[in-house]
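The values are calculated or read from the model by the stated rules, or taken from the named source; none is laboratory data. It should be emphasised that the depicted structure is a prediction, and the values quoted were computed from it without experimental measurement. Here the Cβ positions follow ideal geometry from the backbone for every residue, glycine too, while neighbour counts run over all protein chains shown. Surface accessibility is based on the protein's heavy atoms, side chains included, excluding ligands, DNA and RNA. Shrake-Rupley method; radii C 1.70, N 1.55, O 1.52, S 1.80 Å.
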Amino acid sequence: MDKVRVLVVDDSALVRKLLSTMLASDPQIEVIGTAADPLIARDKIKQLNPDVLTLDVEMPRMDGLTFLENLMRLRPMPVVMVSSLTEQGADITLRALELGAVDFFTKPSSDLANVFAASAQDICAKVKTAARAKPRARTAVRKLDVAPRLSADAVLPLSQSTGTRGGSPIIAIGASTGGTEAIRAVLEAMPPDAPPVVITQHIPAAFSGPFAARMDNCSAMRVCEARDGQPIQQGHAYIAPGSQHLLVMWDGAKYVCRLHDGPPVNRHKPSVDVLFRSMAASVGKAAVAALLTGMGDDGARGLLELSQTGAATLVQDEDSSVVWGMPGAAWKLGAAREALPLDQIAARLLKLARLPLDSALRAAAL
């Protein structure tokens, strides 16, 4: 297997050295060069033709976002952003993902050597996954023609309940690598009175609040970071906080969001499997679920559990996914009845949510 050839771009000599040493420790990665600013990086990209670029956000002579936007327009390639764990850093990183970056990792403000060493496996995995991704600059998402007023065991034991206590449908979405933009595409196409949507996206705690705010600005639905005990209502979307699992529970007269501070599941917190299992137990065949682009297999078994209750399930197809890990794993398990391009998923979720709850009718409609 050919090594992944990486160019490290950062204005800090210390970060360039630490990051290069850490990446080079992986036998499947070769650091072919470094650059202190985007203008040097531009020349080295032409000379060295790297497979992946790690790109700092804040740099002299040209900021990382401007460079990324130019790069994705003129020479699209896999880029992993290096971001600070601040509110401003979160906003900039989310903008970078909009512009076409595949993924990101966070750069600490102190104790760089120890933090990078502790995160080495995760960072190397992100770079290797990026090399297999399909980079594409953000393009305008065509909104659907809809009427403006359309009406896992460590956290949650497996239940035989099929739910449907509330009767009305709830849409659940899970995603990871590439998911921030996939979720944007779905939420932008939702009408203001869409069925409620619950979302688990693998994202650090400092990023989930700004991410929810950005989604609220681009969607006709009301989008927020989920709070414990918050009622789940039509026309609203709830995004799991980056530090807690999101569950959907029946609270006597209504569905509510429950946040759980249990251990990571599939090495993720929040975990899509946890959300989907809670949906299988509480909502059952009234649920509609989609697993979007992402690395790994989190959500695949949860989607299968949902399908087995009679819920409508689908995944994003391989061609439109940045990484077909999670949806591909679900598809191989037989957990999804359909694999659809990203631009068709919102319309399909809405249609499935408005079908009769009887599973036989749903199956016939598929």
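Could you tell me whether any residue of region 254-271 is at pLDDT 95 or above, closer than 27 Å to Trp324 by Cα and small (Gly, Ala, Ser)?
Within region 254-271, one or more residues are at pLDDT 95 or above, closer than 27 Å to Trp324 by Cα and small (Gly, Ala, Ser).
Among the numbered criteria (1) open to solvent by 30 Å² or more (accessible area, probe 1.4 Å); (2) at pLDDT below 95, which single criterion is violated by Arg301?
(2)
Any residue in region 242-254 that is buried (at least 24 other Cβ atoms within 10 Å of the Cβ), touching a Gly at 6+ places or on another chain (Cβ under 7 Å), on the phi < 0 side of the Ramachandran plot and among the hydrophobic types (A, V, I, L, M, F, W, C)?
The answer is no, given that none of the residues of region 242-254 is buried (at least 24 other Cβ atoms within 10 Å of the Cβ), touching a Gly at 6+ places or on another chain (Cβ under 7 Å), on the phi < 0 side of the Ramachandran plot and among the hydrophobic types (A, V, I, L, M, F, W, C).
Okay, residues lined up against (1) touching a strand residue (DSSP E or B) at 6+ places or on another chain (Cβ under 8 Å); (2) buried (at least 16 other Cβ atoms within 10 Å of the Cβ); (3) closer than 20 Å to Ser208 by Cβ; (4) among the hydroxyl-bearing types (Ser, Thr, Tyr):
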{"position": "Leu55", "(1), (2), (3), (4)": "yes, yes, no, no"}
{"position": "Met59", "(1), (2), (3), (4)": "yes, yes, no, no"}
{"position": "Arg75", "(1), (2), (3), (4)": "no, no, no, no"}
{"position": "Pro78", "(1), (2), (3), (4)": "yes, yes, no, no"}
{"position": "Ala90", "(1), (2), (3), (4)": "yes, yes, yes, no"}
{"position": "Gly100", "(1), (2), (3), (4)": "yes, yes, no, no"}
{"position": "Leu112", "(1), (2), (3), (4)": "no, yes, no, no"}
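Within region 42-53, which residues are surrounded by 20 or more Cβ atoms within 10 Å (Cβ to Cβ), part of a loop (DSSP other than H, G, I, E, B) and of a type outside the set (D, E, K, R)?
Pro50
State all residues of region 168-207 that are hydroxyl-bearing (Ser, Thr, Tyr) and crowded, with 24+ Cβ neighbours inside 10 Å; if no residue qualifies, say none.
Residues satisfying the conditions are Ser176, Thr177, Thr180, Thr200.
How do the pairs read when you match residues in region 270-290 that are buried (at least 24 other Cβ atoms within 10 Å of the Cβ) with residues anywhere that are among the basic types (Lys, Arg) and in a helix (DSSP H, G or I), using Cβ under 7 Å and keeping only pairs 6 or more apart or on different chains?
Asp273/Arg301
Identify all residues within region 304-341 that are closer than 30 Å to Leu99 by Cβ and either small (Gly, Ala, Ser) or assigned to a helix (DSSP H, G or I) (or both); write none if there are none.
Ser320, Ser321, Gly325, Met326, Pro327, Gly328, Ala329, Ala330, Trp331, Ala336, Ala339
Restricting attention to region 18-39, which residues are over 28 Å from the mean Cα position of the chain (by Cα) and at pLDDT 95 or above?
Answer for region 18-39, where residues must be over 28 Å from the mean Cα position of the chain (by Cα) and at pLDDT 95 or above: Ile32, Gly33, Thr34, Ala35.
Got a number for residues in region 21-41 being in contact with a strand residue (DSSP E or B) (Cβ under 9 Å, 6 or more places away or on another chain), in a helix (DSSP H, G or I) and surrounded by fewer than 18 Cβ atoms within 10 Å (Cβ to Cβ)?
The number of residues fulfilling the criteria is 3.
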